[in-house]
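*Asks:* Provided herewith is a single structure, encoded as structure tokens, for subsequent inquiry.
Nothing in this text is a laboratory measurement; each read-out follows from the coordinates by a stated rule. Predicted model only: the values in this text are computed from it and were never measured. Note: ideal-geometry Cβ built from the backbone for every residue, glycine included; neighbour counts use all protein chains shown.
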Amino acid sequence: MLGACAKLFKDEPPSDELLAAMAPFGGGMGSSGQVCGTLSGALAVIGYTLGKTEPKGKDHKLMWKISYKMVKQFDEICKPYGGTNCSDIACINWNNHAAVLNFYKNPKSSRQNCVKVIRATSDYLHDLISKNFAKEK
């Protein structure tokens with residue numbers, strides 16, 4: 001998700017360590033099929049952009065509002081798939097090696113669903129952050 005929103009961070013790109021820390025979001029939190037990593041990643045981007053940077057610091061006043069909007073829009077994006085869990089969107093058992101191979105190698109697999117969700121989420125997130133920052137200036 002950070003990569004998909006790279007334009008937001010051209011002045012201060014996220015560190016390699018942050019990108020690595022977000023890697024386990026894939027497959028619905030560690031390939032468990034639970035909450036889609038795209039939503040987790042989107043919220044991480046919002047936190048990276050607007051969250052406090054010191055233990056006694058304060059979050060940006062818009063962080064919670066933007067986060068709420070992102071979650072609600074993600075619900076809408078995922079309606080065609082029946083839910084926001086990876087298992088709803090990708091329709092795959094990540095413990096089934098043959099199914100995982102098919103997911104990645106077959107261009108007609110349910111991976112198309114993931115691509116659509118990632119694209120729609122990153123587009124919305126980019127617009128959401130950009131518009132809210134524009135209002136402040």
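*Asks:* Suppose every Lys and Arg Cβ carries +1 and every Asp and Glu Cβ carries -1, with no other charges. What dipole size does the chain come out with about its Cα centre, to the nearest 20 debye?
*Replies:* 360 debye
*Asks:* Based on the Kirkwood radius over alpha-carbon pairs, what is the Stokes-Einstein translational diffusion coefficient of region 6-136 at 25 °C with 0.890 mPa s viscosity, in µm²/s?
*Replies:* Rounded to a whole number, D works out at 155 µm²/s.
*Asks:* Given LYS58/LYS79; LYS79/LYS131; LYS65/LYS105, which pairs have Cα atoms separated by over 29 Å?
*Replies:* Pairs exceeding the cut-off: LYS58/LYS79; LYS65/LYS105.
*Asks:* Then there's this: Could you give each residue of region 20-28 its phi-based ³J(HN,Hα) in whole Hz, using Karplus coefficients 6.51, -1.76, 1.60 with θ = phi - 60°, and x for Gly or Pro?
*Replies:* 5, 5, 8, 4, x, 5, x, x, x
*Asks:* In addition: Among GLY83, GLY27, GLY57, whose mean-square fluctuation peaks in a Gaussian network model of the chain (Cα, cutoff 10 Å)?
*Replies:* Looking only at GLY83, GLY27, GLY57, the biggest GNM fluctuation is shown by GLY57.
*Asks:* Considering amide H positions built from the backbone, and no H for Pro or chain starts, which residues 5 or more places from VAL35, or on another chain, come under 5 Å of its amide H?
*Replies:* It is CYS86, by chain and number.
*Asks:* Can you compute the helix-only [θ] at 222 nm over the chain? Use -39500 (n - 2.57) per DSSP H run of at least 4 residues, normalise by all residues, nearest 500 deg cm²/dmol. The partial results should precede the final answer.
*Replies:* On the way: 7 runs with 79 residues, N = 137.
Estimated from H runs of four or more residues: -17500 deg cm²/dmol.
*Asks:* Same structure again: Taking the mean number of other Cβ atoms within 10 Å as a proxy for protection, how do you rank 72-80, 47-55, 32-40 from highest to lowest?
*Replies:* Answer by packing, highest mean first, reads 32-40, 72-80, 47-55.
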